[in-house]
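Working notes, structure below.
The values are calculated or read from the model by the stated rules, or taken from the named source; none is laboratory data. Bear in mind that the values here come from a model prediction, so they are computed numbers and not experimental data. Please note: Cβ atoms are built from the backbone with ideal geometry, for glycine as well, and neighbour counts cover all protein chains shown. For the accessible areas, the whole protein counts, side chains as well, though only heavy atoms, and no ligand, DNA or RNA atoms are used. Shrake-Rupley method; radii C 1.70, N 1.55, O 1.52, S 1.80 Å.
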Amino acid sequence: MNQHVKHSVKRAAIGDIGINFIALPEFFDIPIQMMRRQNVIADFLLGTLRQNHTVPQYLLFRLNGQRHISNLMENMIASMAGESENEDVINQYSMGLVFLYLLNHMDKLAHNSSQNYEDVVIQATLKYIDTQYRTAVLSHIAEDFNQSLSSVSRLIKKNTGYTFVELLMRKRFQKALMFLVETELPVEKIAANIGYENQSYFYRQFKARYGMTPSQYRQEHKHDAQIRI
């Protein structure tokens, strides 16, 4: 039996098979390294291993007909009875392959303990914009969820009422107002800080949104205790 992982198999009355793996944390070192970047599965694993209870406790993928994944799982189960010193590493890489295949089927993520797939995408998008507003691009979200730009764009619009660009602009201008009211930074520096290298574009968008220039807004609201968006 492998030193890092054990399993049990249960057969349901309808013919489905449930497999329960009990693994030591170090078993997931290689699978996490294989994914190489932050994504829903890596976040779930790291949160679980750290016992972060704000992270969902399960992910449910509906993968009918995905034989490459079931074959990998069957191979792992068969190998766990082996005595070869290499079986543990083989299973770690096999699990990593399972996770990589799952990343290619994020649209099949039906539920986790508190969210469905669309909720996961929206929360990831909002968090990404909130922390990376200066350089955020839609292609980052599309790559993380292995979806086309058009698919993830429609999903964001459907669930928020805004396009990705609109959400990004709202966040950027929220930050711009904060800088204008709470700092003495030059307007040009503020524009660059929120991701606008084209200062003329920033000025035009700001005036269209607020009916005044950034300097006029700063003068009018410099004593405001609260920023109004």
Leu49 to Ser215: FRET efficiency via 1/(1 + (r/R0)^6), r the Cβ-Cβ distance, R0 41 Å, to the nearest 0.05? 0.25
Note, ³J(HN,Hα) from phi for the stretch 136-142, Karplus 6.51, -1.76, 1.60, rounded to Hz, x at Gly and Pro: 4, 9, 4, 4, 5, 5, 4
Note down the net charge around Thr183, summing +1 for each Lys or Arg and -1 for each Asp or Glu among other residues with Cβ under 12 Å from its Cβ. +2
Would you mind working out the accessible area per residue for the stretch 93-225, using a 1.4 Å probe, and quoting it in Å²? 53 Å²
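Quick one: pull the percent of accessible area on the stretch 160-205 belonging to carbon and sulfur, 1.4 Å probe, ligands and nucleic acids left out. Could you put the intermediate results ahead of the total?
Values: 1160 of 2350 Å².
Here carbon and sulfur together make up 49 percent of the probe-accessible area.
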In Å, the Kirkwood estimate of hydrodynamic radius for the stretch 137-229 over Cα pairs equals 14.6 Å
Pairs Lys171/Lys222; Lys108/Lys158; Lys158/Lys189; Lys157/Lys222; Lys127/Lys171; Lys108/Lys171: which exceed 23 Å Cα-Cα? Lys158/Lys189; Lys157/Lys222; Lys108/Lys171
Mind checking the log10 I(q)/I(0) for the stretch 120-181 at q = 0.14 Å⁻¹? Debye, one equal scatterer per Cα, no solvent, two decimals. -0.37
